[in-house]
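The values are calculated or read from the model by the stated rules, or taken from the named source; none is laboratory data. None of the values given here were measured: they were computed from a predicted structure. Reconstructed Cβ throughout: ideal geometry from the backbone, glycine too, with neighbour counts over all protein chains shown. SASA here: full protein model, heavy atoms, side chains in, ligands and nucleic acids out. Shrake-Rupley method; radii C 1.70, N 1.55, O 1.52, S 1.80 Å.
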Amino acid sequence: MGQNDASPYRVPFGRRGSLVGLADLEAVGAVVDSGEPLSAGAWRERFERRFRELTGARHALSVTSGTVALELAIRLLDLAPGDEVIATPQTFQATVQPLLDHDVTVRFCDVDPRTLNMDPEVLSSLITERTRAILLVHYGGCPAEMAEIVAQARRRGIVVVEDAAHALGASYRGRSPGALADIGCFSFHSTKNITTLGEGGMITLARDDWAERIERLRGNEVDGVFAPVVPEQEPGLLPWMRFSADVYRRAVVGIRGAGTNATMSEAAAAVGLVQLDRLPEFTERRRRIAARLDAAVSAFPLTRLQRAPEHSTHAYHLYTFFLTAGREVRERFVHDLNRRGVEVQLRYFPLHLTPEWRQRGHGPGECPRAERVWFDEHLNLPCHPDLSDDQVDHLVESVREALAEAHRATVPTSPRLAVR
């Protein structure tokens, strides 16, 4: 049974963002039959190497989820009390949630209403001498304006972290998101553009010392600074006692914190390799669906499309557009699609308005564009490879009919026509 068969909707939003088939099952079988270790082995190394080649990143290290990738990225920042971090409000909570564990000031940067990405002009007004990092997302797979953002950061020694969970398959000026700044974080959750058996993530890095730290952090080692020492007495060690050698041959200079076990399984990495091979197919399917939706949506004057900049390509993890006739019209449109069997999910609620960030002093009026667009205009429609041609036909026709109804509701009836 396919993922769509269990949905009450004729056109579901999609519980899976890619297709999983026989090749994935065969990859898992190959891992099981190999007799090799099921953790931290050759499949993981091959997956990471392939990911480096695809993205152009210097380092790519797999972890157990996109959330863990973001948590480890923030660990690399070595934030101290009084530091400031600038973040986008228009993203999933995992992008900024690790900052709740730090005594830092978070400044939410308003978005460009055309893309829902961080607005570089607003960003420039938020940077202070205490700013240590910028956390952004490529919303829905639409690349942010990285050249302007990175240029501002470089002038001030600020680290830029890309949440590229939506953006695998996108490009910015011919380069891959996740390799456009200092740190990139990817998700292979079931709903993302590829999956590693439902969960998984990748952290991409430009710095060698950060890659060494991530190796330790994900491998349950202490995150610290060590110095080599010559032991006064060292017992004879067998070749496999690699951990024992460190006990005798290094001394602690400083400890930043504990590591964790964030090791991607070999089976997950093997599936990831298969999924990467199919990524162009998945991305092309998303773009074809998006093109049909664009044609239907743009035929009506009360809409605005999310557009990637001309020098970018969109991955369409999410299909987004804006209904500009007001909140009531938007709500009627959503209910109309629901009646027609089209599932609509709106992503994401502005983070600065959530209870945890309101408790930290944030609230309404901080990001007025993000607030206006979310509450009055924002719409996401199904757009994923598992949709059949018949489902796409029904989706497009339903959107066209629902927009026509919305348009009629906003156009005053001519008195002459009313008499007739």
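Couple of notes before you dig in:
- The amide H of residue 256, built 1.01 Å from its N in the peptide plane, has 223, 224, 225 as neighbours under 5 Å, considering only residues 5 or more places off or on other chains.
- GNM flexibility winner over the chain from 352, 102, 189 (Cα, springs under 10 Å): 102
- Rounded to the nearest 10 Å², the accessible area of residue 407 at probe 1.4 Å: 60 Å²
- Inter-label distance for residue 300 and residue 409, nm, one decimal - labels placed 7 Å from Cα along Cα-to-Cβ: 0.9 nm
- Springs between Cα atoms under 10 Å define the GNM used for the chain, and in it the highest mean-square fluctuation of 224, 35, 157 occurs at 35.
- When the chain is treated as a GNM with alpha-carbon contacts under 10 Å, the residue of 225, 396, 63 showing the greatest mean-square fluctuation is 225.
- Using just its DSSP H runs of length 4 or more, each adding -39500 (n - 2.57), the chain gives a mean residue ellipticity at 222 nm of -11500 deg cm²/dmol after division by all residues.
- Calculated FRET value between residue 339 and residue 6, using beta carbons and R₀ = 30 Å, to 0.05: 0.90
- Inter-site label distance for residue 311 and residue 261 at 7 Å from Cα along Cβ, in nm: 4.6 nm
- With the charge dipole of the chain set up from +1 on Lys and Arg Cβ and -1 on Asp and Glu Cβ about the Cα centre, the Cα lying farthest toward the positive end among the listed residues 349, 296, 98 is that of 296.
- Note on surface exposure: 48, 310, 281, 145 rank 310, 281, 145, 48 by accessible area, highest first, 1.4 Å probe.
- Model label zone, residue 207; criterion: amide N under 15 Å from point 7 Å along Cα-to-beta-carbon; scope region 54-91: 58-59, 72-80
- Cα-centred dipole magnitude for the chain, charges only on beta-carbon of K, R (+1) and D, E (-1), debye, nearest 20: 1060 debye
- The angle between the Cα long axis of helix 146-156 and the main principal axis of the chain comes to about 50°, on a 0 to 90 degree scale.
- Rolling a 1.4 Å probe over the protein heavy atoms of the chain, with every protein chain left in place, gives an accessible area that is 50 percent carbon and sulfur.
- Taking the square roots of 5 times each eigenvalue of the Cα gyration tensor of the chain, largest first, gives ellipsoid semi-axes of 43, 27, 16 Å.
- Sequence-distant residues sharing a close amide H with residue 87 (under 5 Å, placed H): 107, 108, 109, 135
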